[in-house]
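Reading through the structure tokens given below for one structure.
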Amino acid sequence: MNTHQDHPELHYLVANASTGLADGLRCAHGDTAVSVEFSGVPCKPGALPAAIDTLVPRCGLAQIIGSVLATIGHQEGPAAEQRFRDQIRLAETIARNELKHR
């Protein structure tokens, strides 16, 4: 990730994200959309809010994750791709544990 601030583009350096399902919003496949709130820091102070709420169709989210996995595997190799898969599994385990205690 480029974290330099000497560029014309505006981007957001995400520090944390929370997710949920957006009741009543469905993609063309009938799946509930995913609500994602990103919190972090914009590359230019004050250019973006401290938190950004998004809605992503699940099919779109699957496409993003699949593309990231393929890109990591292609550019950094299978070991890096597996490391990312392991990070996903760990995050899933942590989230499942947190959901049990709600």
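Phi angles across the range 21-29 convert, under the Karplus curve 6.51 cos²θ - 1.76 cosθ + 1.60 with θ = phi - 60°, into 3J(HN,Hα) values of 9, 8, 3, x, 10, 10, 7, 4, 7 Hz, Gly and Pro given as x. Each Lys or Arg adds one and each Asp or Glu subtracts one; over the other residues with Cβ under 15 Å from the Cβ of F84, this totals -1.
Compute the Rg to Rh ratio over the chain from the alpha carbon atoms, using the Kirkwood formula for Rh, and round to two decimal places.
My calculation of the ratio gives 1.00.
If you run the Gaussian network model on the chain, springs between alpha carbon atoms under 10 Å, then out of L25, L61, L90 the most flexible one is L90. Listed values for the range 38-52 are Karplus-derived 3J(HN,Hα) couplings in whole Hz (6.51 cos²θ - 1.76 cosθ + 1.60, θ = phi - 60°), namely 9, 10, x, 9, x, 5, 10, x, x, 6, 9, x, 5, 9, 10, and x replaces Gly and Pro. In the full protein context, the range 1-95 carries 72 Å² of accessible surface per residue, based on a 1.4 Å probe and ignoring ligands, DNA and RNA.
Shown for the chain: the carbon plus sulfur share of the solvent-accessible area, taken with all protein chains present and a 1.4 angstrom probe, equals 56%. Mean-square fluctuation check for the chain, GNM, Cα pairs under 10 Å: which of I52, I65, I88 is largest? Ranking I52, I65, I88 by mean-square fluctuation puts I88 first.
A cut-off of 5 Å between modelled amide H atoms, ignoring neighbours fewer than 5 places along the same chain, links L13 with V41, C43.
The values are calculated or read from the model by the stated rules, or taken from the named source; none is laboratory data. Computed from a predicted model, the values in this text were never measured in an experiment. Virtual Cβ from ideal backbone geometry, glycine too; neighbours counted across all protein chains shown. To get the accessible areas, we keep the full protein, side chains included, count just its heavy atoms, and leave off ligands, DNA and RNA. Shrake-Rupley method; radii C 1.70, N 1.55, O 1.52, S 1.80 Å.
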